[in-house]
Amino acid sequence: ASTLGAAAQQSGRYYGAAITVGKMNDATYMGIVDREFDSIVAENEMKMDATEPNQNQFNFTNGDRIVNYALGKGKKVRGHTLAWHGQQPGWMQNMSGQALRNAMLNHVTRVATHYRGKIHSWDVVNEAFADDGRGSRRDSNLQRTGNDWIEAAFRAARAADPAAKLCYNDYNTDGVNAKSTAVYNMVRDFRSRGVPIDCVGFQSHLGTTVPGDYQANLRRFSDLGVDVQITELDIQQGSNQATAYRQVTQACLAVPRCTGITVWGVRDNDSWRTGTNPLLFDSAGNKKAAYTAVLDAL
Ligand code: XIL
């Protein structure tokens, strides 16, 4: 195969990218997106602040542009994200208690219902764990509504869109460490109690190297009976970016329940990690060595 999406499909996987509405009139950008990727996620347009700027007033204009573009081209869509401490609308940031719990659940229900049947996998909850080395939950207004806020969000998402795969998504969970083990324990608990969770997303915003236990970590989650997905991949350019991208690709292919990979942007100058050149295409839109390493490994 000669494109990332077609190559991934050879093993029943997808290869996706995050895109943004503001660049959909950039012909170079959209040429690459059209050609290479068979799955799309909105970089910002389906987050809480974008979709519910005022309480109970939903705005799906930009999210719909991305979803309709992708579906019109026969691409899958990942949904990102229904409940998160980040990029909350102003009205939600200072809410607490039962009012916030209800507002969060209403948001999950309304957004998942709007996109019902169109989303392959939803990041239902994003980044709920801390980086404290002890595997604690992150302190946030959502966490302060009660430790069960995550399962409540998953149940609401399942009710609203029963066909979508429901994922928990986080960063710094890419290797075996206290944070990923805490997520692992939550997923195991959810599975044992019938809380509806189908997948775990590993953002994989990586430095110049890949954790040595990256594949083993994907494997231990998949052994819990959930799919795993690499959801926001970008790798800082260093001495061997191509090797690092190859290692991530090979790790996913070695784990049968690793169903797909998404890179967090298209060209280096589209990346949120300014100056690190972490993506597969250079700023002129040319394929980098990392691109070739991925294509060859798929
Ligand atoms: C980032 C976007 O790429 C930026 O444009 C935005 O300013 C901040 O958010 N983890 C996530 C993504 O789950 O939503 C974040 O995206 C990157 C880190």
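The values are calculated or read from the model by the stated rules, or taken from the named source; none is laboratory data. Here the structure is a predicted model, which is why all the values come from computation and not from measurement. Cβ coordinates were reconstructed from backbone atoms using ideal geometry, including for glycine residues, and neighbour counts include every protein chain displayed. Note: accessible area is taken over every heavy atom of the protein model, side chains too, but ligands, DNA and RNA are not part of it. Shrake-Rupley method; radii C 1.70, N 1.55, O 1.52, S 1.80 Å.
Could you run through the range 231-242 and say how many residues are within 13 Å of the ligand (Cβ to nearest atom) and either β-branched (Val, Ile, Thr) or farther than 19 Å from ALA42 by Cα (or both)?
Residues meeting the conditions: 1.
Restricting to the range 23-33, give me the number of residues that are open to solvent by 50 Å² or more (accessible area, probe 1.4 Å), in contact (Cβ under 8 Å) with a residue 24 or more places away in the chain and either among the β-branched types (Val, Ile, Thr) or out of contact with any helix residue (DSSP H, G or I) (no Cβ under 9 Å at 6 or more places or on another chain) (or both).
Count: 1.
So if I check each of ASP227, ASP170, ASP270, ASP174, which one is under 19 Å from ASP38 (Cβ atoms), within 16 Å of the ligand (Cβ to nearest atom) and among the acidic types (Asp, Glu)?
The match here is ASP270.
Return the residues of the range 237-267 that are over 24 Å from HIS120 (Cα atoms) and touching a Gly at 6+ places or on another chain (Cβ under 9 Å); say none if nothing qualifies.
GLY238, ALA244, ARG267 - these are the residues of the range 237-267 that are over 24 Å from HIS120 (Cα atoms) and touching a Gly at 6+ places or on another chain (Cβ under 9 Å).
For the range 93-130, enumerate the residues that are farther than 30 Å from ARG13 by Cβ, under 21 Å from the mean Cα position of the chain (by Cα) and open to solvent by less than 10 Å² (accessible area, probe 1.4 Å).
Within the range 93-130, MET104, HIS107 qualify.
Being aliphatic (A, V, I, L, M), buried (at least 17 other Cβ atoms within 10 Å of the Cβ) and more than 16 Å from the ligand (Cβ to nearest atom) is the requirement here; does ALA251 meet it?
The answer is yes for ALA251.
State the number of residues belonging to the range 191-248 that are open to solvent by 10 Å² or more (accessible area, probe 1.4 Å) and outside any strand (DSSP E or B).
31
Within the range 45-92, track down each residue that is surrounded by fewer than 17 Cβ atoms within 10 Å (Cβ to Cβ) and of a type in the set (S, T, N, Q).
Selection gives ASN54, GLN55, ASN56, GLN57, ASN59, THR61, ASN68, GLN87.
Does THR20 satisfy the condition of being within 16 Å of the ligand (Cβ to nearest atom), touching a residue at least 24 places away in the same chain (Cβ under 8 Å), at negative phi and of a type in the set (Val, Ile, Thr)?
Spelling it out, THR20 is indeed within 16 Å of the ligand (Cβ to nearest atom), touching a residue at least 24 places away in the same chain (Cβ under 8 Å), at negative phi and of a type in the set (Val, Ile, Thr).
Answer with yes or no whether ALA8 is within 30 Å of ARG257 (Cβ to Cβ), within 21 Å of the chain's Cα centre (by Cα) and not in a helix (DSSP H, G or I).
No, not satisfied.
Determine whether the range 63-81 contains at least one residue that is out of contact with any Gly (no Cβ under 7 Å at 6 or more places or on another chain) and of a type in the set (Asp, Glu).
yes
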